[in-house]
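Read-outs throughout are calculated quantities, based only on the coordinates presented, and are distinct from any laboratory measurement. Here the structure is a predicted model, which is why all the values come from computation and not from measurement. In this analysis, Cβ positions are derived from the backbone assuming ideal geometry, glycine residues included, and neighbour counts consider all displayed protein chains.
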Amino acid sequence: MSAIVIDGRKVSKDIKDELIDKVSNLKDKGVLPTLAVVLVGNDAASQVYVKHKKKACEYVGIRSLAYELSEDTSEDELLKLINELNKREDVHGILVQLPLPKHINEDKILLAINPSKDVDGFHPYSVGNLSIGRDGFVSCTPAGIIELIKRYNIDIEGKNCVVIGRSNIVGKPVSMLLTKENGTVTMCHSRTKNIQEVCKRADILVVAIGRANFVTKDFIKDGATVIDVGMNRLDNGKLCGDVSYDECAHVAGAITPVPGGVGPMTIAMLMNNCVKSAEISASSL
């Protein structure tokens, strides 16, 4: 039996279509949702991501402000720009594209963003809210993973959930979100003993370690939901995830492909966070 393919492209489009109506309502109230995207340097992958974000803003109706700064921009200059954007009432979201050039301290930059405009969900204030179950901005990839699971009517409550990877960007926040949905969560990492056995008990397995085809069918319980967050490029130029898709699709009950699974959800949830910030702003008018 072949697994249900969890289509991130379709769900992402559904979310963006829903946001078009919300943006229209906000515009009727005189609020134009606005995202400021800051790119420092000429990292090719970052330029592609920024282009996709601009395109998504255009689709949803969000105004996007692009600040493309040279590689030699100083930390002080970048902090000054963030400070200006923090003060602007017409800017609802600030996104600084990572990675930054080596001479700029990423932590210092992320801390400088006003938490009320932290649509990336990386500020310690946002992470703290998540950890104690308060509402706030959740980083976009973990939020997208939960949304995918829910929109395919896969129940999290009471399920054994295993997350491979403990990064601040995916592993830790998705573990907290699964716990918030009443899943029983185990987090695995490079020091986990008998990792295959641990994964084999999972009803929901989230894989985010950045190692091509690491998870094989021997990791998967029959009928499990497998969410592959990996994005790796093989020597032949093909993209693949952290899960060996072809063999795992015959064991899993539902599985995300790479590309076309989790990836499109990240930008959809960024749009969602920006609209949410604009709605909060509109409610205080």
Problem - Anisotropy class of segment 23-120 from Cα gyration tensor, a/c 1.5 cut - result: oblate
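Which loop trypsin sites (Lys or Arg not before Pro) in segment 1-71, with loop taken from DSSP, have no more than 13 other Cβ atoms within 10 angstrom of their Cβ?
Values: sites: Arg9, Lys10, Lys13, Lys16, Lys22, Lys27, Lys29, Lys51, Lys53, Lys54, Lys55, Arg63; in loops: Lys29.
Those that pass, being in a loop and sparsely packed, are Lys29.
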Handout entry: Sparse-neighbourhood loop sites, trypsin sites (Lys or Arg not before Pro) in segment 90-193 - DSSP loop, at most 11 other Cβ within 10 angstrom
Key = Lys102, Arg134, Arg191, Lys193
Handout entry: Tilt relative to the chain, helix 140-151 - C-alpha long axis, 0 to 90 degrees, to 10
Key = 50 degrees
Practice task
Relative to the longest principal axis of the C-alpha atoms of the chain, give the angle of the C-alpha long axis of helix 8-28, reported between 0 and 90° and rounded to the nearest 10°.
Solution key: 30 degrees
Practice task
Give me Leu79, Leu95, Leu39 ranked fewest to most by other Cβ atoms within 10 Å of their Cβ, as a rough exposure proxy.
Solution key: Leu79, Leu39, Leu95
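Calculate for the chain the 222 nm mean residue ellipticity that helices alone would give, adding -39,500 (n - 2.57) per DSSP H run of length 4 or more and normalising by residue count, nearest 500 deg cm²/dmol. Working shown, then result.
Numbers: 10 runs with 119 residues, N = 285.
One gets -13000 deg cm²/dmol as the mean residue ellipticity at 222 nm.
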Problem - Ranked list, fewest to most other Cβ atoms within 10 Å of each Cβ, for His123, His189 - result: His189, His123
Practice task
Among Asp155, Asp222, rank each residue by its count of other Cβ atoms within 10 Å, from fewest to most, as a rough exposure measure.
Solution key: Asp222, Asp155
Problem - In segment 1-94, GluC sites (Glu not before Pro) in a DSSP loop with at most 14 other beta-carbon atoms within 10 Å - result: Glu71, Glu89
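Once the other residues with Cβ under 13 Å from the Cβ of Asn213 are scored (Lys, Arg +1; Asp, Glu -1), what is the net sum?
-2
Computed from the mean reciprocal separation of all distinct C-alpha pairs, what Kirkwood hydrodynamic radius does the chain have, in Å?
19.7 Å
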Exercise for the section: Taking only Cα atoms and a 10 Å spring cutoff, compute GNM fluctuations for the chain and point out the largest among Ile104, Ile132, Ile169. Expected result: Ile132
Fill in the blank from the handout: GNM on the chain, Cα springs under 10 Å; top mean-square fluctuation among Ser70, Ser244, Ser24 goes to Ser70
